[in-house]
Amino acid sequence: MTKLQQLHSWNVTPAQAIAIQKELCSKIIVEKLSKPIHTIAGCDISFDKGSDVVYAGVVVLQLPELVEIAHSTAVTRVKFPYIPGLLSFRESPAVLEAWEGLTVAPDALMIDGQGLAHPRRFGIACHLGLLLDLPTIGCAKSLLIGKYEEPPQEAGSYSPLIDKDETIGVALRTEDNVSPVFVSVGHRIALDDAIRVVMQCTKGYRIPEPTRQAHLLVNALRRGETIPKTPTSTQESLF
């Protein structure tokens, strides 16, 4: 499995978390993919309103078929408050706990969240990409920062997302006539490769399959539903 980089403690204050982001953002690598992606993971979390219990899941899909080959889950409690711009300190520990249950090492990771499209250029996709040392894509449903012009309505159309005269990502139309998603580099990938991979992972929905399937997984876990196992999957419930 992917070896986790131990870069910092999770027991930090918000001020310390901001300092960590400012320190680690210089370590993010933006580069062309060096080899094809054959497997890609998507991750997500789910909460019950008003609860500190978090349900985390990772789904691994085979490309180009977009067939699930593994998944893993974890149930734990969050220890960091909800603060915009510091999402990764709240959610990443649970995602990493689920990640440790995988028996398949994915080639890349896609996250429903921001990468470089972040005020300190260090969103959750950058954070997890650096911790896992994997090509990682941020593909968010909503805008955090930046301005863009609406891309054409055809699938695959996109327009640059700009903040302070810097291109930090794109607004990408994944299907005809749907609202765009916001794609940015997380780590070890270039923006044009990230766009291509997101479109390769789209299958009739606005949200690409890795994160869409992870979303379905964690919501089923939260509702206590039986989750069918793939041949290599594990499921954990930890407090």
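The values are calculated or read from the model by the stated rules, or taken from the named source; none is laboratory data. Computed from a prediction, not measured in an experiment: that's the story for all the values here. As a convention, Cβ positions derive from the backbone with ideal geometry for all residues, glycine included, and neighbour counts pool all protein chains shown.
Annotation: of all residues in region 150-180 being over 13 Å from V198 (Cβ atoms) and among the small types (G, A, S), the one that is nearest to the chain's Cα centre (by Cα) is S179.
Among the residues of region 176-198, is there at least one that is surrounded by 14 or more Cβ atoms within 10 Å (Cβ to Cβ), farther than 21 Å from W99 by Cα, touching a strand residue (DSSP E or B) at 6+ places or on another chain (Cβ under 8 Å) and of a type in the set (G, A, S)? Yes. On inspection, L116 does not qualify as in contact with a helix residue (DSSP H, G or I) (Cβ under 7 Å, 6 or more places away or on another chain), of a type in the set (A, V, I, L, M, F, W, C) and surrounded by fewer than 24 Cβ atoms within 10 Å (Cβ to Cβ). Could you tell me whether region 139-146 includes any residue that is in a strand (DSSP E or B), aliphatic (A, V, I, L, M) and either exposed (fewer than 15 other Cβ atoms within 10 Å of the Cβ) or within 13 Å of the chain's Cα centre (by Cα) (or both)? Scanning region 139-146 turns up at least one residue that is in a strand (DSSP E or B), aliphatic (A, V, I, L, M) and either exposed (fewer than 15 other Cβ atoms within 10 Å of the Cβ) or within 13 Å of the chain's Cα centre (by Cα) (or both).
Note on region 35-86: residues that are among the charged types (D, E, K, R) and closer than 16 Å to E97 by Cβ amount to 4.
The residues of region 64-84 that are surrounded by 17 or more Cβ atoms within 10 Å (Cβ to Cβ) and either without any contact (Cβ under 8 Å) to a residue 40 or more places away in the chain or of a type in the set (D, E, K, R) (or both), listed by number, are E68, V78. Screening I207 against (1) crowded, with 17+ Cβ neighbours inside 10 Å; (2) at pLDDT below 95; (3) aliphatic (A, V, I, L, M) leaves a single unmet condition, (2).
Which one of these is small (G, A, S), at negative phi and touching a residue at least 40 places away in the same chain (Cβ under 8 Å): G156, G123?
G123
Looking at A94, A108, A70, A74, just one residue is in contact with an Asp or Glu (Cβ under 9 Å, 6 or more places away or on another chain) and not acidic (D, E), and that residue is A74.
Within the set A117, A155, the sole residue that is at pLDDT 95 or above and either within 23 Å of K203 (Cα to Cα) or touching a Pro at 6+ places or on another chain (Cβ under 7 Å) (or both) turns out to be A155.
Yes or no: F89 crowded, with 24+ Cβ neighbours inside 10 Å and within 24 Å of N11 (Cβ to Cβ)? So F89 fits the description; yes.
Every listed requirement among (1) closer than 17 Å to V218 by Cα; (2) touching a strand residue (DSSP E or B) at 6+ places or on another chain (Cβ under 9 Å); (3) not charged (D, E, K, R) is met by S92 save one, (2). Answer yes if at least one residue in region 87-95 is modelled with pLDDT under 95, farther than 25 Å from P180 by Cα and not charged (D, E, K, R), and no otherwise. No, because not a single residue in region 87-95 is modelled with pLDDT under 95, farther than 25 Å from P180 by Cα and not charged (D, E, K, R). Of the numbered criteria (1) modelled with pLDDT under 95; (2) hydrophobic (A, V, I, L, M, F, W, C); (3) touching a strand residue (DSSP E or B) at 6+ places or on another chain (Cβ under 6 Å), the one I69 fails is (1).
In this structure, V12 does not satisfy being in contact with a Lys or Arg (Cβ under 8 Å, 6 or more places away or on another chain) and either farther than 14 Å from D107 by Cβ or among the acidic types (D, E) (or both). Does E68 fit the bill of being farther than 24 Å from Q200 by Cα and of a type outside the set (S, T, Y)? So E68 does not fit the description; no.
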